[in-house]
Amino acid sequence: MSEYDRRNQGRGDRGGRKRRYRDDDDFDRRPQRRRYEEPLFAVIRRQLLTIAESAARRVEDDIQGIAKSVADNYDDEEIRRDFVNISLDLVHEQPMKIPFIAGTVLVAHSLKPELGSEIITKAAGALQKYIDTGAWREVKLLIRFLGLLQPLYEGEGIFPLLEELFARAVDLQTASSEDLLGLELVKVIQFTLPYVMLSPASGFEAQASGLLEKTDIIATTPHALVDLVNTFSPEENQSAAGQSVISLMQSQLQREASNGWELKCLPRPWKDLRDPETDEFKSFDSVTKVAFPEITVPSPVPNGPHPLFPEVYLSVYADQEVDTVPSTDDISSSLIRDALVDTINLLDFNRVATAKFLIDIDCYFTPYTFVKRATPFDRMRELAGEIQPWKPEDVAVDAVFSQLFQLPAAEHKLVYYHSVLTECCKIAPAAIAPSLGRAIRFLYNNLDTMDLELSQRFLDWFAHHLSNFGFTWKWSEWTDDLDLPAIHPKIAFINGALDKEIRLSFAQRIKGTLPEPYPKLITSGKEKDTPEFKFASDMAPYAKEGQEIMQLIRKKATDEEIQPVITAIEDQAKSQGVEDPKIPSTDAFVTSICFVGSKSLSHVLSCIDRSKDRLLTIGAESKHARTQIITSVMEYWVDQPGIAINIIDKLLNYTILSPLSVLEWAFVESVAAGTILSKPHVFEMISATVGKVTNRMRQIVAARTQPGLYEPQLTAIDETLSREREDMQTLFKYIEDSIVSIAAGSNDEQMERGDGSGDLPEDVIIRQWGRRWLRVFRRKVAVEEAFISDALANATPLGTEAPAGATDGDLDIADADVDAGVQ
Amino acid sequence: MSLLSVNTVDRLDRPSAYFGKNKRRRYNDEEEQQQQEKADDKLKTATTLYVGNLSFYTTEEQIHELFAKCGEIKRLVMGLDRFNKTPCGFCFVEYYTHQDALDCLKYVGGTKLDERIIRTDLDPGFEEGRQFGRGKSGGQVRDEYREEYDPGRGGYGRAYDEQRQREEDEYGAGR
């Protein structure tokens, strides 16, 4: 921290000091130049970029000020160009400002109609591009902006375009019941309508209701994939399972239509505008109308690079005694969420700016939509019953969690959402921390029915978040839960969280942050930097040989020197009737590698690298020896599973282990009557292993579908693809078969437990773990298969020859090309 | 998907001014200018990050745990004291892709690891020798003259500490 604290101190007393830190440039120590008048274009630029950001200024004044400056200086090309470009840039990147930008354009148009036309034309050009490339979020934002300018158009304005989008949605839906693109188009229409109705244009109620009636069937028919991407599986927790975003929005829109489009949360910055000269309220009806720009919607419409999935509405504040966020009956819930989610996902390149927008959320919606910032929850309780404004921090945090918990995958790396929450906490700790606390409680209390992948994301975020804030958490409120069975999801969470905290820090430090009786959860083994070498004890079988091997590895001895000791172990084992003598010899070898390499990851990596050939041979020779490699690693690092997982990961890269062997280790060797499913680190390891396989698969698909690929490469790569695809299917089948039996309680070890009735309280929990695992991996199968068939649908067909005259020498699609990831 | 060439808020995934800082002064000849362009090009595809302001006690495993959140790590090189080969508070993290490195700048740079705010910067790539501190006493230059006490980075700056000691001794002797 010192580097950061010091920056502003002690300046000027060390003349000629070298520039030492990157930020030093920010402070110019030279005498300042004489003040100069800021040029007008710079003023306008700044005003536009920061529009609505300050609660201290009336946004209406800024809107009128900007519009007037631009209209008065219409002949200044730089000002005009800045106005048009920056307005559209803000539409692209800061969706919460769209109503304010639209307000500015409305006023500017009333003063100088050419300005309105120019910006509409430019927006239409961009819109056309996005429609042609299938960038539906950008389409949504630009149509929203154009929709807010509805009073400026002749005739029905934007409605014919919406009708046309709807027609495409119908085509897609009629063609296939699995279609998702049509649903996306419906979403675009749904999230445009309120803004058109918000605009100062009047008399379009009939068109809006007409469209709403049409979207109803598509929006309310549940898509087969909705259940699969739900935060809570409806089978496990029907009441917590969320509705799909479009079905929710559909009913909210209908309610709003019957209430005369009140849309109370959305700002109408044009409403209180008075003409500075006549002091009358501004009307936009009388201004010069323009024709709505020509937009062509191709048929069928394309989809962009991102695969589509249904979205489900999640709120972590859903079941509180006092509502702090809009209920799902209220259209505000969807409108605010939509604006926030787009802001979060569009601004991933500056998490600090994202966090600032989230904290300032109350600036961008109708005043008094929210209670004052940092109003404590208890105060909300007192306010309940009176007017019902919401807590801005809860609404903001809710939106971040909805993205962190997006299934099947979040738009950005999960750590981005972690970092946004961290920044929010840094900007307004007193306001955000209690909100996070209540979110954590909700998630913790629903751990047993939450999607397993999401509870893992929760675990990951929780530990990472605490690591940024001194590892402080009110553990004491969960103390009673420590009496639950060891395999209970809550115990798994607590142990998993402590393990992840330790991975980011160290055991002693974490122990120091825990109240009684938690410290006992951190065993003495976890506090050791180097776990003991089991062969060091003479009591251990093969102790002498084990020590010898360890010494040889430490000395970097050659393979020939090691072999006799290995043989000695195997001979001994054989004489004792051990079925597979490779098992004890592998154990001694791998445990020694772990011990010698225990100093750090790079130590163990160089040990593995030196022993690579022997390990590869072991893996190839015997299936049992291969799983023994994993067992030895996992046992040596039993107290620090993070390190073990890391080593397994590298062994997979070296192809010393196969993905299947990791599964065999988990579901056969270590299944422990299914209790292994309760271990967060095992889920982490299996997910990572499967992730390696699916990533490789995707790389091959990308190679297969790259444009300009011709025979004979086409066939070669297609064969690789088919082979790998089969391997992947085998892998998923193995997982499915292994877990199905656990979920059904018919795993052999489960049957032998207790009285064999399968009715022990633990059995119920194990079967639930089984169902939750199954759900995750079945979803992965569905997602990967959909990805492959979507991609291949547009791939060059086999047998395509290079067009005459084309060179085929510059393609790098050798098999080796897709072997990335191997160190 | 955005068509913007300039964003409405700053980007956090730009390299710092560190590389090219010395060379930017004036392009004396063409060769120098070419060198500079080469360095800029390297940063455009860089997969390596320099990570700074680590505690001397932060381990490879801790770094791995945090940085793997942005993608699989290809290589991790700990920064060492030139003389006694102990960690001296920086490292290089190499990813497989440029995008992972950029994401790391955006999402991890400026957050905490081992309870210290760490710094990340795009780096043209690790070369043998760069793992060692370049300060007079073996560590990083910034730890030579640091006037603040930083328990995670060996107390006071070494040169500063030495001078302080000397002054104290002389003061004692003078009395």
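The values are calculated or read from the model by the stated rules, or taken from the named source; none is laboratory data. Nothing here was measured: the structure is a model prediction, and the numbers come from that model. Don't worry about glycine lacking a Cβ; one is built from the backbone with ideal geometry, like all the others, and counts go over all protein chains shown.
Using the structure shown, decide if B:Ser5 is in a loop (DSSP other than H, G, I, E, B) and modelled with pLDDT of 75 or more.
Working: in a loop (DSSP other than H, G, I, E, B): yes; modelled with pLDDT of 75 or more: no.
The answer is no for B:Ser5.
Looking at B:Glu162, B:Glu115, B:Glu170, which is the one that is surrounded by fewer than 19 Cβ atoms within 10 Å (Cβ to Cβ), facing another protein chain (nearest Cβ under 9 Å) and over 27 Å from B:Thr47 (Cβ atoms)? Step through it out loud before you land on a result.
Details: B:Glu162 fails: facing another protein chain (nearest Cβ under 9 Å); B:Glu170 fails: facing another protein chain (nearest Cβ under 9 Å).
Criteria check complete, one pass: B:Glu115.
Any chance you could count how many residues in the stretch A:264-316 are farther than 30 Å from A:Gly182 by Cα and modelled with pLDDT under 90?
Of the residues in that region, 18 qualify.
Does A:Glu164 count as more than 25 Å from A:Arg255 (Cβ to Cβ), touching a residue at least 40 places away in the same chain (Cβ under 8 Å) and within 14 Å of chain B (Cβ to nearest Cβ)?
On the way: more than 25 Å from A:Arg255 (Cβ to Cβ): yes; touching a residue at least 40 places away in the same chain (Cβ under 8 Å): yes; within 14 Å of chain B (Cβ to nearest Cβ): no.
Against the criterion (more than 25 Å from A:Arg255 (Cβ to Cβ), touching a residue at least 40 places away in the same chain (Cβ under 8 Å) and within 14 Å of chain B (Cβ to nearest Cβ)), A:Glu164 does not qualify.
Return the total of residues in the stretch B:59-110 being facing chain A (nearest Cβ under 9 Å), within 22 Å of A:Phe349 (Cβ to Cβ) and buried (at least 21 other Cβ atoms within 10 Å of the Cβ).
9
Kindly list the number of the only condition in (1) free of Cβ contacts under 8 Å to residues at least 40 places away in the same chain; (2) in a helix (DSSP H, G or I) that fails for A:Gly577.
Failed condition: (2).
Just to verify a result, which residue in the stretch A:36-80, among those that are in contact (Cβ under 8 Å) with a residue 12 or more places away in the chain and not in a helix (DSSP H, G or I), is nearest to the chain's Cα centre (by Cα)?
A:Glu53
Given (1) more than 24 Å from A:Leu452 (Cβ to Cβ); (2) at pLDDT 95 or above; (3) not in a loop (DSSP other than H, G, I, E, B), where does A:Phe365 come up short, assuming only one miss?
Only one criterion is unmet by A:Phe365, namely (3).
Would you please list the contacts, defined by Cβ atoms under 8 Å and residues six or more apart or on different chains, that run from a residue in the stretch A:503-519 that is away from chain B (no Cβ under 14 Å) to a residue that is in a loop (DSSP other than H, G, I, E, B) and not hydroxyl-bearing (Ser, Thr, Tyr)?
Final answer for the pair search is A:Lys511/A:Ile522; A:Leu514/A:Ile522.
Could you say which residue among A:Ser419, A:Ser402 is touching a residue at least 60 places away in the same chain (Cβ under 8 Å), more than 14 Å from every other protein chain (Cβ to nearest Cβ) and either part of a helix (DSSP H, G or I) or not aromatic (Phe, Trp, Tyr) (or both)? Break it down stepwise before answering.
Working: A:Ser419 fails: more than 14 Å from every other protein chain (Cβ to nearest Cβ).
Matching residue, one of A:Ser419, A:Ser402: A:Ser402.
Can you spot a residue in the stretch A:176-187 that is more than 14 Å from every other protein chain (Cβ to nearest Cβ) and over 27 Å from A:Ala786 (Cβ atoms)?
Within the stretch A:176-187, not a single residue is more than 14 Å from every other protein chain (Cβ to nearest Cβ) and over 27 Å from A:Ala786 (Cβ atoms).
If a residue must be surrounded by fewer than 18 Cβ atoms within 10 Å (Cβ to Cβ), within 13 Å of chain A (Cβ to nearest Cβ) and free of Cβ contacts under 8 Å to residues at least 24 places away in the same chain, how many such residues does the stretch B:125-159 contain?
Qualifying residue count, the stretch B:125-159: 7.
Taking strands (runs of 3 or more DSSP E) that fall entirely within the stretch B:50-164, which contain at least 3 residues that are of a type in the set (D, E, K, R)? Working first, answer last.
Working: elements: B:73-80, B:87-95, B:119-123.
It comes to B:119-123.
Are there any helices (runs of 4 or more DSSP H) wholly within the stretch A:673-753 with 1 or more residues that are β-branched (Val, Ile, Thr) and in contact (Cβ under 8 Å) with a residue 24 or more places away in the chain, and if so which? Can you show your working first?
On the way: elements: A:680-705, A:713-744, A:748-752.
Fully inside the stretch A:673-753 and qualifying: A:680-705, A:713-744.
Looking at A:Ile549, A:Ile494, A:Ile522, A:Ile502 in this structure, which one is among the hydrophobic types (A, V, I, L, M, F, W, C), modelled with pLDDT of 95 or more, surrounded by 13 or more Cβ atoms within 10 Å (Cβ to Cβ) and over 19 Å from A:Phe462 (Cα atoms)? Steps first, answer last, please.
Values: A:Ile494 fails: over 19 Å from A:Phe462 (Cα atoms); A:Ile522 fails: over 19 Å from A:Phe462 (Cα atoms); A:Ile502 fails: over 19 Å from A:Phe462 (Cα atoms).
On inspection, the qualifying residue turns out to be A:Ile549.
Identify, please: which residue in the stretch A:110-126 is more than 15 Å from A:Ala291 (Cβ to Cβ) and crowded, with 22+ Cβ neighbours inside 10 Å and is, among those, modelled with the lowest pLDDT?
So the residue we want is A:Ser110.
Taking the stretch A:461-502 only, how many residues are among the β-branched types (Val, Ile, Thr) and within 14 Å of chain B (Cβ to nearest Cβ)? Let's see the steps before the verdict.
Step one: of the stretch A:461-502, the residues among the β-branched types (Val, Ile, Thr) are A:472, A:479, A:487, A:491, A:494, A:502.
Retained after the next criterion (residues that are within 14 Å of chain B (Cβ to nearest Cβ)): A:472, A:502.
Of the residues in the stretch A:461-502, 2 are among the β-branched types (Val, Ile, Thr) and within 14 Å of chain B (Cβ to nearest Cβ).
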